[in-house]
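Enquirer: Provided herewith is a single structure, encoded as structure tokens, for subsequent inquiry.
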Amino acid sequence: MVGRERLPPGQPQFRDRRAGHHGLEHPRKFYAGQVRGLIAYAREQFELAGRQDDGEPLRTHLESLARQGDPEATWRLANPPPLSSYVAHLWSWYADLCQTRQSGGFGPSRLSRLEIQAWERDEGVRLEPWERRALIALDAEHLLTMTAPAKGG
């Protein structure tokens, strides 16, 4: 495996030498939980970037309210869902993938597996299956948030 080193026999984990990893790749259940956290973090970021009726992102409205002393706005901006270091690389990779997103006649298209494979090839990255699934889930969440109706700000 690329970038991975097996531990002694009898141990089901791998050492992971990628930047941002803490050295061990844990079983599937662990990463499923990490991906759920990543999706929660992403959902918050997508919502904060969402345009309101006046064309400004929600984040701008919340920052204005926070400057005026609104405790709910201050709390929301100061307490985003945490982004685990085990999946932070996926957030960065997703941002990179979005730079080449195709657009159809009805808005942005979802990222295809072919686009993801081309990105892997171009960047010299070999995604693990769980990482690919996480990127696809991030994209689905992003498109869902983008198509949600704007809220008044």
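Enquirer: Which is touching a residue at least 24 places away in the same chain (Cβ under 8 Å), within 23 Å of Arg36 (Cα to Cα) and open to solvent by 40 Å² or more (accessible area, probe 1.4 Å), of Trp91, Trp130?
Expert: Trp91
Enquirer: State all residues of segment 117-131 that are part of a helix (DSSP H, G or I) and closer than 12 Å to Leu90 by Cβ; if no residue qualifies, say none.
Expert: Scanning segment 117-131 gives Trp130, Glu131.
Enquirer: Let me ask another. Any residue that is polar (S, T, N, Q) and in a loop (DSSP other than H, G, I, E, B) - is there at least one of those in segment 87-98?
Expert: No, every residue in segment 87-98 fails to be polar (S, T, N, Q) and in a loop (DSSP other than H, G, I, E, B).
Enquirer: Scan segment 55-77 and report the pairs whose first residue is free of Cβ contacts under 8 Å to residues at least 40 places away in the same chain and whose second residue is open to solvent by 50 Å² or more (accessible area, probe 1.4 Å) and not charged (D, E, K, R), with Cβ atoms within less than 7 Å and a gap of 6+ or a chain change.
Expert: Pro57/Ala49; Arg59/Ala49; Leu62/Leu77; Glu63/Leu77; Ala66/Thr74; Ala66/Leu77; Ala73/Leu65
Enquirer: Failed condition for Leu97, given (1) touching a residue at least 12 places away in the same chain (Cβ under 8 Å); (2) open to solvent by 90 Å² or more (accessible area, probe 1.4 Å), with all others met?
Expert: Status for Leu97: all satisfied but (2).
Enquirer: Now a separate question. Being touching a strand residue (DSSP E or B) at 6+ places or on another chain (Cβ under 6 Å) and surrounded by fewer than 16 Cβ atoms within 10 Å (Cβ to Cβ): is that true of Ala49 here?
Expert: Yes: the conditions hold for Ala49.
Enquirer: Right, another one. Please identify the pairs in which a residue from segment 102-123 that is farther than 17 Å from Met146 by Cβ has its Cβ atom under 6 Å from the Cβ atom of a residue that is modelled with pLDDT of 80 or more and surrounded by 15 or more Cβ atoms within 10 Å (Cβ to Cβ), counting only partners at least 6 apart or on another chain.
Expert: Note: pairs meeting the criteria are Trp119/Leu97; Glu120/Leu127.
The values are calculated or read from the model by the stated rules, or taken from the named source; none is laboratory data. Quick caveat, the model's predicted, so the values are computed rather than measured. Here Cβ is always computed from backbone atoms with ideal geometry, including for glycine, and neighbour counts include all displayed protein chains. The accessibility values were calculated without ligands, DNA or RNA, using every heavy atom of the protein model including side chains. Shrake-Rupley method; radii C 1.70, N 1.55, O 1.52, S 1.80 Å.
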